[in-house]
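Colleague: Structure incoming, see below.
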Amino acid sequence: MHEAQPVVVGVVGESGSGKTTLLERLVPLLAGRGLAVAAVKHASHGFQADRPGKDSHRLYRAGARAVVLASRTELAVFARHPTGAEELRLADALAALPGRADVVLVEGFSWEAIPRIVVLRDREQPAPQHLTGGEVLGIVRAPAPAVGRKPAFARAQLASLVERISDLAGRSARSA
């Protein structure tokens, strides 16, 4: 018997629409249902995860294909694109996730054919690329009524989204 594949759900929208805030709200709600949740975030402008001068950075710059930085409670992996391709594929990012996950929430990768949640600013219309390529599980309009300076999302929307994602995870586990 093989291990069930995680359900992969994208969260797409324009920059500043509230994608990360939504993910921050979804992760504990899904975990509260007993699901192991992982996340993948696309960094469209690149990033520097390690700090120059640190041993791990020096080893990576020296040409190591991958460097694992491990402490008693955390693990970080710095790795080069496995294919050397110009753009990392979502499948490559998913393969790099350590451990088992029931659900992987993906921020970005709007070109991938995965179920998705579209996050919009108030009165914004969805971009065509956010509605194609995968089933739209829901549209969250952000910011919803603000609480102070922080956007808030309607509980009904989150409850519905959490239910749909949980159902997908349940179907995935049963089909394995």
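Colleague: Considering only protein heavy atoms, with the full assembly of protein chains and a 1.4 angstrom probe, order ASP55, ASP92 by accessible area, largest first.
Modeller: ASP55, ASP92
Colleague: Turning to a different aspect of this structure: Please list, ordered by chain and number, the residues whose modelled amide H lies under 5 Å from the amide H of VAL8; skip anything fewer than 5 residues away on the same chain.
Modeller: VAL104
Colleague: Can you give the extra length, in nm with one decimal, that the chain gains between GLU14 and ARG100 once fully stretched, where that is 0.36 nm per residue apart less the Cα-Cα distance?
Modeller: 28.0 nm
Colleague: Using θ = phi - 60° and the Karplus curve 6.51 cos²θ - 1.76 cosθ + 1.60, what whole-Hz ³J(HN,Hα) does each residue of segment 73-79 get, with Gly and Pro shown as x?
Modeller: With the stated coefficients, segment 73-79 comes to 10, 9, 9, 10, 10, 10, 9 Hz.
Colleague: At a Förster radius of 25 Å, what calculated FRET efficiency corresponds to the Cβ-Cβ distance of TRP111 and GLU24, to the nearest 0.05?
Modeller: That pair, TRP111 with GLU24, gives E of 0.55.
Colleague: Taking the Cα-to-Cβ direction at GLU135 and at ASP55 and moving 7 Å from each Cα, how far apart do the two end points lie in nm?
Modeller: Calculated label separation equals 4.8 nm.
The values are calculated or read from the model by the stated rules, or taken from the named source; none is laboratory data. Everything numeric here is computed off the predicted structure, so don't read it as measured data. Reconstructed Cβ throughout: ideal geometry from the backbone, glycine too, with neighbour counts over all protein chains shown. Just the protein is used for accessible areas: all its heavy atoms, side chains included, with ligands, DNA and RNA removed. Shrake-Rupley method; radii C 1.70, N 1.55, O 1.52, S 1.80 Å.
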